[in-house]
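Before any comments, here is the structure.
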Ligand SMILES: [Zn+2]
Ligand SMILES: [Zn+2]
């Protein structure tokens, strides 16, 4: 707006630079009536003129803004953020801004919606899974509380056989109208009726079961199919199993939040499972086939001869499947070689003999 205004604000109002406040007010009032877009319908410029006029009045009727304008011109007004009108696009915006007050704009359009349709809330229920259940997928029975339509009143909130009556507060209009006098004349301003929420209708006999809410709490039992390979924090969406909607609104959804129980034996990274086995030093040296646990139960692990502490053995296909898939990742087994702390006399004899043999081998 600043950029659009070329004329002097005093000229726009048609007053002298020494004009008093009441002269400015009188000038605005007179001119506003002439170029109000609802009056000057034939003038395509009327809206722009009215905006400029109002802008000029807004500035010059305010002592601080008028002083800033007198000293620095339109530039001086920039520090008054609230009067930067450049952003408004419609006449209504300006009217709203200019008349914003406890009663709002006299021109404000009010919408009187009847019963408001609201979608039901989404709900979230956690489900804990073991890694074995991640592997197999699982059917899980869950129990949670949701709001469902009241069966007594079919969700209307009213006792069967009763009706909505006109609201006495607003005489069924949904609006409370207030007269307001200002220097333009008399304006009627409206606000939404608080008693009926703007619907104009009130319930005289609320349903005894749901107390007029239209919905009641229900404990829901649901069988949920949890597919294979889910990860901690994944969500399964079950459509329509959140809260029922209000006034015919569609129900919300249920989100089953997947939580994976920690397992001290395994670390999971996507499809890969990390674990550890302890291997006796003799088995590590000679190689062996040993029993170990896996997500599939006991398996045979082939430890090759000469296995070192910290070596890794990859067991193909004993990890987890991808989300919803079947092809499985691997299990990575870290080998911990155990050196015995106590040995029997016979073991000592054998180990000493082994030492003798190995030192000969080294010398050769
Ligand atoms: Zn009302
Ligand atoms: Zn009910």
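Every number in this text was worked out from the coordinates using simple rules, so none of it is lab data. What you see is a predicted model, and the numbers here were worked out from it, not measured in a lab. Don't worry about glycine lacking a Cβ; one is built from the backbone with ideal geometry, like all the others, and counts go over all protein chains shown.
For the reader, a short list of remarks on this structure follows.
- The distance between label points at residue 282 and residue 132 comes to 3.3 nm (points 7 Å beyond Cα on the Cα→Cβ vector).
- Sites residue 355 and residue 330, calculated FRET efficiency, Cβ-Cβ separation with R0 41 Å, nearest 0.05: 0.60
- With the simple model of a label 7 Å out from the Cα in the direction of the Cβ, residue 121 to residue 75 spans 5.6 nm.
- Entry for the stretch 267-358 at q = 0.15 Å⁻¹: log10 I(q)/I(0) = -0.65, Debye formula applied to identical alpha-carbon scatterers, no solvent contribution.
- For the stretch 216-272, the equivalent ellipsoid derived from the Cα gyration tensor has semi-axes of 32, 12, 9 Å, listed largest first.
- Residues in the stretch 118-133 reached by a label modelled at residue 257 [backbone nitrogen below 12 Å; 7 Å Cα→Cβ]: 123-128
- Listed residues 152, 124, 34, most fluctuating in the chain (Gaussian network, C-alpha, under 10 Å): 34
- At an R0 of 25 angstrom, the distance between the Cβ atoms of residue 182 and residue 23 translates into a FRET efficiency of 0.90.
- The protection proxy used here, the mean number of other Cβ atoms lying within 10 Å of each residue, ranks peptides 168-175, 351-358 as follows, highest first: 168-175, 351-358.
- A simple spin-label model places the labels of residue 312 and residue 289 2.6 nm from each other, with each point 7 Å out along Cα-to-Cβ.
- Cα-Cα separations in the stretch 141-208 greater than 21 Å, expressed as whole percent: 50 percent
- Among 223-229, 177-183, 26-32, the order from most to least packed when residues are scored by Cβ within 10 Å on average: 26-32, 223-229, 177-183
- Cα principal axis extents for the chain, largest first, Å: 121, 69, 36
- With all pairs of different C-alpha atoms in the average, the Kirkwood value for the hydrodynamic radius of the stretch 142-289 is 21.6 Å.
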